[in-house]
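Written out below as structure tokens is the structure these notes cover.
The values are calculated or read from the model by the stated rules, or taken from the named source; none is laboratory data. Keep in mind that what you see is a predicted model, and the values were worked out from it rather than measured. Heads up, the Cβs are rebuilt from the backbone with ideal geometry, glycines too, and the neighbour counts pull from every protein chain shown.
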Protein chains: 2
Amino acid sequence: MESSPKRMPTLDEVAQRAGVSRTAASRVINNAPHVSRAKREAVERAVRELGFVPNPTAQALATRRVGAVVLAVSSDEPGLFADPFFAEVIVGVSAALEQTDLELILLLANTPRGRDRLERLLRSRRADGVMLMALRGDDPLGRLAEQTDLPVVFGGLPLTGEPRWYVDADNRGGARLAAEHFVRTGRRRPAMITGQLDTQVAAARERGFTEGLALAGVPLLGVEAGDFTEDGGAAAMERLLAAHPAPDALFTASDAMAIGALRTLRTRGLRVPEDVAVIGFNDLASARHTAPPLTTVHQPVRSLGREMARMLVGAIEGNDPGPLILPTRLTVRESAPDVPTEA
Amino acid sequence: MESSPKRMPTLDEVAQRAGVSRTAASRVINNAPHVSRAKREAVERAVRELGFVPNPTAQALATRRVGAVVLAVSSDEPGLFADPFFAEVIVGVSAALEQTDLELILLLANTPRGRDRLERLLRSRRADGVMLMALRGDDPLGRLAEQTDLPVVFGGLPLTGEPRWYVDADNRGGARLAAEHFVRTGRRRPAMITGQLDTQVAAARERGFTEGLALAGVPLLGVEAGDFTEDGGAAAMERLLAAHPAPDALFTASDAMAIGALRTLRTRGLRVPEDVAVIGFNDLASARHTAPPLTTVHQPVRSLGREMARMLVGAIEGNDPGPLILPTRLTVRESAPDVPTEA
DNA sequence: CAGAAAACTGGAAGCGCTTCCACTTCTCCG
DNA sequence: CGGAGAAGTGGAAGCGCTTCCAGTTTTCTG
């Protein structure tokens, strides 16, 4: 029933009404040169009177420019996207795209079917470029993405090598800050909960933390792998406590996991920060409202989104913007205060 | 430099290689009837050999079906989208769309420019349908959306009247549950922090709460308007405390505002739930991790997204799925426990 | 086995816009 | 005032695919 779309006026009708050729009309709506003032005005009037809006599909077909880019979030964790991290990225991406006339296609590729669609999307020129986030290490998508001739910007490095275009946060440096903070505040039995290590982010954070401790000569008590989710963090904390003598500091590769760990610590009757100091990673809104408020490595998530989009736009326009590493810093709150706590 | 896209094989080439007409080839890739088995196989082979993928733009132009729908989030609060609520909606929408071959275009229309784009999008047949969320009361977008002949599904009722298609949570009923819970647990001085009242959600929640109290004969101590954000909630709480003698219960129209209110209460030295019981609305992940964990009205956010998408798909296909109201329920946690607390 | 219905086939006309190209008309300056 | 170069103009050929239509071939019935 709804299937008889009111016919929209076409460029031909505009041209006819304005008494000019379609070519001229086209020039006007794209405000290209080589149109006399008179005709230009005539066309503009006709456009107004008819309520003409160019059909983007037809434009796309003729120009071979779709006018859209995709942001693909690829992961195995179906719930991962719920992490406010992505919302923040999207806000950044969206803000940058708003300056252009590119639409944003969002693709959650966490099921086999979703991946197929992403693959198809990549091959079919349905978008002018792609931003790819959260690739697992063995994800074939990265390579696929690079094979296509579409510009692809990675959000965070894939494990499969350094792509031509990417923007990432300084994960390694940030994790190192966490280590240094622990050392500085007198913690000597630090442990860590990582993300999936087949992920570049997780690996970089693990590496940075280890490095930081090594430099200070403090041994790492233990490491457990989480999955960036809260429940994963809680479980990892259980394992950590079971396997190792009481740690006095914990660094997690994400705030979500820190929150999970806090839960476990509370259950176990361990006090934060008195018994265990905790540092997370991300510093999104939720970190401010844990009990106690979370000390965490801050990364500029919105900027990350913004820069990804900008880089992609640049690439589409034929520039070759280099990769970009965004700085991280430590946000100190009560879960790992600046001064050593009396235990 | 990137501007010379490797030419993709076209349907013509496939047809030629398979020794059939383009018509036949087209039928095969759309697996339409009226193609002999032999030709079908020939075409399939050619497709495989050439790595042919149909060009969606050309298909769209020919069929007048774009193969994409947009999810527009319209608001004045630039930060609103960061609310995990939307992430959850998107997950639902995305899950539903995955069953179809529709792409999801995400549009954050929180700036004037963004609104322009949305308007243009609506007029230009760049999508086959639209899901619209978080309209402000006076938002002209709603009406605009209905004027276009594109199917439009609303997420949450707009104030401007009941649209043909929408899905909403039972906000009024949920708020009523909160009121009843307070009454049942002996609270007699309840206050409320609402959202922007020019918003249907906020209005419905306010109304439900008021109603619930009225039915039990308990007077509402005071009301302050927030803006669905955490900071707004904190500020509203300040005003509430300044304007009214100590409330013993607080209902907020969102978890975010509840979290803000908790902060203020803590600062003011008021204990939750002993001095003030608190109930929020939404029940997303964050509600579990406040201190104390938040009692809140649960709404099935992911389902909301899923159902919006399903409804839209139905509408696009020419059905007329009626509106849908999703149930809400109370999730009881420590901020407003089931048994009256000794004060 | 005749005749009708059902299944195939492919040519051609679009879908709505851009852009190359071959002209025609102005402008400007020595 | 003549001629070169810039500006303006519109016809026509696409962009890559779908689909109507007219005709051809098969397959079924009775």
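Of the listed requirements (1) in a helix (DSSP H, G or I); (2) out of contact with any strand residue (DSSP E or B) (no Cβ under 6 Å at 6 or more places or on another chain); (3) free of Cβ contacts under 8 Å to residues at least 60 places away in the same chain; (4) crowded, with 18+ Cβ neighbours inside 10 Å, B:A145 misses just one: (2). Looking at segment B:96-117, which of its residues are among the hydrophobic types (A, V, I, L, M, F, W, C), more than 8 Å from every other protein chain (Cβ to nearest Cβ) and touching a strand residue (DSSP E or B) at 6+ places or on another chain (Cβ under 9 Å)? Once the filter is applied, which keeps residues that are among the hydrophobic types (A, V, I, L, M, F, W, C), more than 8 Å from every other protein chain (Cβ to nearest Cβ) and touching a strand residue (DSSP E or B) at 6+ places or on another chain (Cβ under 9 Å), segment B:96-117 yields B:L97, B:L102, B:A109. In the set (1) buried (at least 17 other Cβ atoms within 10 Å of the Cβ); (2) in contact (Cβ under 8 Å) with a residue 12 or more places away in the chain; (3) not acidic (D, E), the condition left unmet by A:H289 is number (2).
Just one of (1) buried (at least 22 other Cβ atoms within 10 Å of the Cβ); (2) farther than 20 Å from B:P340 by Cβ; (3) touching a helix residue (DSSP H, G or I) at 6+ places or on another chain (Cβ under 7 Å) fails for B:V272. It is (2). Exactly one residue out of B:R188, B:R205, B:R176 is surrounded by fewer than 17 Cβ atoms within 10 Å (Cβ to Cβ) and at pLDDT 95 or above: that is B:R188. Does A:Q99 count as polar (S, T, N, Q), without any contact (Cβ under 8 Å) to a residue 12 or more places away in the chain and in the same structural domain as A:L157 (by TED's automatic domain parsing)? Yes.
For residues in segment A:30-50 being touching a helix residue (DSSP H, G or I) at 6+ places or on another chain (Cβ under 7 Å) and within 14 Å of another protein chain (Cβ to nearest Cβ), which is nearest to DNA strand D (Cβ to nearest atom)? Residue satisfying both the conditions and the ranking: A:V47.
Screening B:A46, B:A18 for residues that are at negative phi, free of Cβ contacts under 8 Å to residues at least 60 places away in the same chain and within 11 Å of DNA strand C (Cβ to nearest atom) leaves exactly one candidate, B:A18. For segment B:144-179, a residue qualifies if it is more than 14 Å from chain A (Cβ to nearest Cβ) and among the charged types (D, E, K, R), and the qualifying residues are B:E162, B:D168, B:D170, B:R172, B:R176. Every listed requirement among (1) within 7 Å of DNA strand C (Cβ to nearest atom); (2) modelled with pLDDT of 95 or more is met by A:M8 save one, (2).
Confirm whether B:D101 is surrounded by fewer than 19 Cβ atoms within 10 Å (Cβ to Cβ), at pLDDT below 90 and more than 16 Å from DNA strand C (Cβ to nearest atom). So B:D101 does not fit the description; no. The condition of being closer than 30 Å to A:D283 by Cβ, outside the structural domain of B:A285 (by TED's automatic domain parsing) and away from DNA strand C (no atom under 12 Å from the Cβ) holds for B:V91. Under the condition of being exposed (fewer than 10 other Cβ atoms within 10 Å of the Cβ) and more than 7 Å from DNA strand C (Cβ to nearest atom), the residues counted in segment B:24-36 number 1. Scanning segment A:115-142 for residues that are in contact (Cβ under 8 Å) with a residue 40 or more places away in the chain and surrounded by fewer than 21 Cβ atoms within 10 Å (Cβ to Cβ) returns A:R115, A:R136, A:G137, A:D138. From the list B:V53, B:V20, B:V91, B:V69, the lone residue that is facing chain A (nearest Cβ under 10 Å) and more than 11 Å from DNA strand D (Cβ to nearest atom) is B:V91.
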